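Chemist: Questions regarding the structure given below will be posed in turn.
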Amino acid sequence: MPGTSISQIEVLNVDGQRLWLLVEGKEYFLSHKDFPWFKESKLADVLNIELYSGGHIYWPALDVDLSTAILENPARYPLKSSKNSAVAFALRLHYCNGCGISPKNKSQKKQAYR
């Protein structure tokens, strides 16, 4: 069927406040407030997206790695960071990958990165 996407992931739209993703048939809205890495990124870098098993999404040019769990409920992963805050991003991703370390528990964060 012409015009039918066969991709498992694609960026549907981008504007000044958010971007829309289609991941395995489900649509996600990513606000720049919750996902600041995309706010000042080049459009070509945002469109360069890869999907890996387990719902892991990767933007190679931006070195951003998220999961569908974060996209579905960003409030559950409240860690905010600036575009270049690698430590904050690593903590958020580490928790998301199921290690059980909550970003809200400071003593666990310290132990995990010693």
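Chemist: State all residues of the range 40-54 that are modelled with pLDDT of 90 or more and either touching a Ser or Thr at 6+ places or on another chain (Cβ under 8 Å) or not in a helix (DSSP H, G or I) (or both); if no residue qualifies, say none.
Modeler: SER41, LYS42, ASN48, ILE49, GLU50, LEU51, TYR52
Chemist: Would you tally the residues in the range 8-25 being within 20 Å of TYR77 (Cα to Cα) and loosely packed, with under 12 Cβ neighbours inside 10 Å?
Modeler: So the count comes out to 1.
Chemist: Being without any contact (Cβ under 8 Å) to a residue 40 or more places away in the chain, under 15 Å from LEU71 (Cα atoms) and either touching a strand residue (DSSP E or B) at 6+ places or on another chain (Cβ under 7 Å) or exposed (fewer than 10 other Cβ atoms within 10 Å of the Cβ) (or both) is the filter here; which residues of the range 32-51 pass it?
Modeler: Within the range 32-51, HIS32, PHE38 qualify.
Chemist: Consider the range 52-79. How many of its residues are under 20 Å from GLN17 (Cβ atoms) and surrounded by fewer than 15 Cβ atoms within 10 Å (Cβ to Cβ)?
Modeler: Total satisfying the criteria: 4.
The values are calculated or read from the model by the stated rules, or taken from the named source; none is laboratory data. No experiment lies behind these values; they were computed from the predicted model shown. Cβ atoms come from the backbone with ideal geometry, glycine included; neighbour counts cover every protein chain shown.
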